[in-house]
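Worksheet: one structure, shown below.
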Amino acid sequence: MTAILIVDDSQTVRMDLADTLEAAGFRVISCGTAADARIALRTQAIALAVLGVRLPDGDGLELLVQIRREHVLSSLPVLLLAPADEVAERLRPLQVSADDYLGPYDRARILTRIRELVGAPPTRDLVLVIDGNEELRARLADALGKAGFDTATAASGAEGIALAATSSPTAVVIDGSIPDLDGASVIRRLRMDPALRTTPCLLLTSSETKEAEVRAFEAGADGFVGRGDLGVILARVRALLRSSSSQSLEATSALAPKRILTVDDDPEYLDILGGRLRKRGYDVARAVSGEEAIRVLEAQPVDCILLDRSMAGMGGIATCKRLKQEPATRDTPVIILTATEQRDAVIESLSAGADDFVSKASGFDVLSARVQAQLRRRQIEREQRDVRDQLLRSELEASEARAAKDLAETRAAMAEELARTNIELAQANRELEAFSYSVSHDLRAPLRTISAFTHALVEDLADKLDERALDHIRRVLAASSRMSDLIEALLELGRIHRAPLSRYRVDLSALAVGVVEDLTASEPERTVVCVIAQGVVVQADGRLVRILLDNLLNNAWKFTGKRADARIELGVERDGDELVFFIQDNGVGFDMALAGRLFMPFHRLHPEGEFPGTGIGLATVRRIVERHGGRIWAESRVGEGTKVSFTLPEDR
C-alpha cells in the first residue's frame, strides 16, 4: 500500500488528513516533529511527503531542503502546507521548491494532488440503491456493478438514510414509493446532512407527469427518471457523476441514526412511541422517571429528549430545568409532552427551558415533524458553530503566520545587527592591537630616553647640582617609572582579555608561597605573618592565576605596611557545592560605600602618595576571574582589614 508521510505540528491537521487519505486507500505515517520525520524518511518507503511549515523542533522548509539535497530522496514528491506566495521569498535563495503549495484544510485538493503525483488509481464510485422492491433492487445493483460501480443497497428509507450516513456514497438512486418513507422525504433528510448535501440523488418513479417531476426537484433531487429502463438509469447516474465535482470528506455524518430519549411514567406509551420512532430510523432510549433520565444521560449523549410534563417523583418541569443547567445537556433539544394544551402549561414549560411543547393528542405525525425540526435546528447551529470555529482557527493561523513572519524579520534584523556589531568589534580589536603595539614601541622608547638621559645627567653633574635641582631630577625619574608601570599594566590588561584560556591543574598554594617569598625579599626589614592553606588546587590557566595572586597579595602586603602585627591569609571555604577562595589582611581597609568602584580601572580608594599604584591591578584581577567564569567581591572595614573572595569554576 502506498505510504504518505504527513509532518505538521497540529494534531488536528494530521488526524484530518490521515482520515481522508486512509479512506482513499493510502497508508499514512504521521509525524509531529522534524526529528520523527527524518527517522521515517530513512526507515520507511515513503511515496510522498506532506510538510507543514512550522514544527516544534525546526522548520518545514529546512526539512524540504534536506530532502532535496539527499541523493536518495531528491526526487520524492513533496506538498507544502502553505500558500506559495508566503514561502517564495524564503525558498528562492535556497534554490529548492515543493511540487505544490496547498492550504492545510483543503483536503479534497490535497487528495487530488497526491493521486496525480503518486499515480494512485481513483477509487470506484459507490452508488447507494434504496428500493423496496427486492427484484428491481437486485437488478439495478447488478447492472451498476457490471458498469464499474461499487454498490450498496437498502430496502427502506430508514435503512437507506442510516447506510448513507456510514458509507458516504458518491450517488444515491431512490425509489419514489418506499413503504416507510417516500423518496422525496428521504432526499429531504439527506439534504440536511452537510456530508451528503451535494451528493447526486436520482429519483425513480412510475409516474412521469410534470407534477411528479416538480415535486421531485422541489424535494432536492438532481435527476428524475422512470424506473423501468436500466440503460437510461445507468446513463443518468454517469451524467450526474460527471457533473458532480464534490466528494464527501466528512469523517462522520449528520445522518447517522439520531438517538432520542423518551421519558414517561407510562410504559405502554413508551412502547408505542419508541416503535414509531424506530420506524422513522431513530435510535431510541427510554426512562420512566426524571431521575432515571438523568442517569441515562450521564451514561450516553442523545440528540433529542421527549419529556412527559406530569410524572411521579421529579416531574417534567423540574427535570427540564435540571437538564438545562448541566453543561453536557444544556444544548440538547427538549420537547415537553402533555395531555393538555392549556396556555399556562405551555408558558410554564417554555419558561423552564423547553425548546418545544407538543400535546399528545396532536398525533405522531406532528410530534415527528417537531422532532425533525429540532434536530434540523440543532444541526444548523452545529454547522454555524463549526464555521465560527473554522473562522477562529483561520484567524489564529493567520495571526500565528503574521507573528512568525514578524519574528523571522526581527531575527533577520538582529542577525544583521549582530553581524555588523561583530565586524565593528573585530575592527575595534584590530585597532586595540595596533594601539597596544604603538604603546609598546612608540611610547616606551621616549620614556626610556628620558630615563636614560636623566640618569646620565645625575651621574655626570651630580656634584654641580644643588639639592633643589636634584629633587627635580628625582621627580622626573619617579614620574617616568610610574608611566612605564602604567603602560605595562594597561598592556597586561589587554593581553588578559585577548589571550586564549588554557586550563590545567594549578597548585594555588605553591604559587602563593612564591609570591610571598618575592615580597619578603623586596622588603626584608618587614615582619608579616603569612598563613597559606596547603593543598589548594584548581583547574585554571596557571599564567593568569599567577597574575591574579601577584596583584591581590601585593595589595595585601602594601595595605598592611603601617601595621607592626601585619597578617595575610590565603584560604578556601565551601559555599554549598562551590569553592570560594579568599585573601584576607588586617590592613587599612576601606569604606564599603565605595565597594562598587573597587574593581574599576583607574579608580583608587586611597591617596596615591600614601599607597602608590597604577589603579589597574584589581581591574586585571576581575577580568581574570570572569575569563574563568567566576565571581569576585570584597568585604572590608576601615582600620580592620579587607577580605577579597573569588571563585574559579572548573566546568565553564
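Read-outs: derived from the displayed coordinates by stated rules, not from any lab. On a predicted model such as this, the values are computed, not experimentally measured, just so you know. Note that each Cβ is placed from the backbone with ideal geometry, even for glycine, and that neighbours are counted across all protein chains shown.
Taking N as the number of residues in region 44-170, what is its alpha-carbon radius of gyration divided by 2.2 N^0.38 Å?
1.58
Pull up all non-local amide H partners of residue 332: gap of 5 or more, or a different chain, and H-to-H distance under 5 Å with H placed in the peptide plane.
Answer set, sorted by chain and number: none.
Relative to the Cα centre, what is the charge dipole magnitude of the chain, using +1 at the beta carbon of each Lys and Arg, -1 at the beta carbon of each Asp and Glu, and rounding to the nearest 20 debye?
On the way: 83 positive and 100 negative charges, 159 e Å.
Charge dipole of the chain: 760 debye, to the nearest 20.
Give me, ordered by chain and number, the residues 5 or more places off residue 171 or on other chains with an amide H under 5 Å from its own placed amide H.
It is 126, 128, by chain and number.
Could you give me the ³J(HN,Hα) list for region 182-195, computed from phi with Karplus coefficients 6.51, -1.76, 1.60 and θ = phi - 60°, whole Hz, x at Gly and Pro?
Each residue's phi maps through the Karplus curve to give 6, x, 4, 5, 4, 4, 4, 5, 5, 5, 6, 8, x, 5 Hz.
Got the relative contact order for the chain handy, in percent, Cα pairs under 8 Å and 6 or more residues apart?
This gives 6 percent for the chain.
Which lysines, if any, have their Cα less than 24 Å from the Cα of residue 360, not counting same-chain residues under 8 positions apart?
258, 279, 321, 324
I need the phi-derived Karplus couplings for region 312-319: 6.51 cos²θ - 1.76 cosθ + 1.60, θ = phi - 60°, integer Hz, Gly and Pro marked x.
5, x, 6, x, x, 5, 5, 5
Under 16 Å between alpha carbons, and skipping anything fewer than 8 positions from residue 558 in its own chain: which lysines qualify?
Within the straight-line limit of under 16 Å, residue 558 reaches these lysines: 643.
Go from 0 up to the bin containing the longest alpha carbon distance in region 182-245, width 5 Å each, and give me the % of pairs per bin.
Each 5 Å bin holds this share of Cα pairs: 3, 19, 28, 25, 19, 6, 0.
Lys and Arg at +1, Asp and Glu at -1: add these up for the other residues within a Cβ distance under 14 Å of residue 116 and post the number.
Local charge sum for residue 116: +1.
Using only Cα positions of region 3-118, each an equal point scatterer, no hydration layer, compute I(q)/I(0) via Debye at q = 0.11 Å⁻¹ and quote the log10 values to two decimals.
Debye intensities relative to I(0), on a log10 scale: -0.30.
First obtain the Kirkwood hydrodynamic radius of region 501-646 from its Cα pairs, then insert it into the Stokes-Einstein equation at 25 °C and 0.890 mPa s, and state the resulting D in µm² per second as a whole number.
Answer from the Stokes-Einstein relation: 157 µm²/s.
Which ³J(HN,Hα) values in Hz, rounded to whole numbers, follow from the phi angles of region 295-305 under the Karplus curve 6.51 cos²θ - 1.76 cosθ + 1.60, where θ = phi - 60° and Gly and Pro get x?
3J(HN,Hα) across region 295-305, in whole Hz: 5, 4, 5, 5, 8, 8, x, 10, 9, 7, 10.
Take every Cα-Cα distance within the chain, group them into 20 Å bins from 0 onward, and report for each bin the whole-number percent of pairs it holds.
Histogram of Cα-Cα distances, whole percents per bin: 13, 24, 20, 14, 16, 9, 2, 0.
How would you order 532-544, 394-406 from highest to lowest mean count of nearby Cβ atoms within 10 Å?
With the highest mean Cβ count within 10 Å placed first, the list reads 532-544, 394-406.
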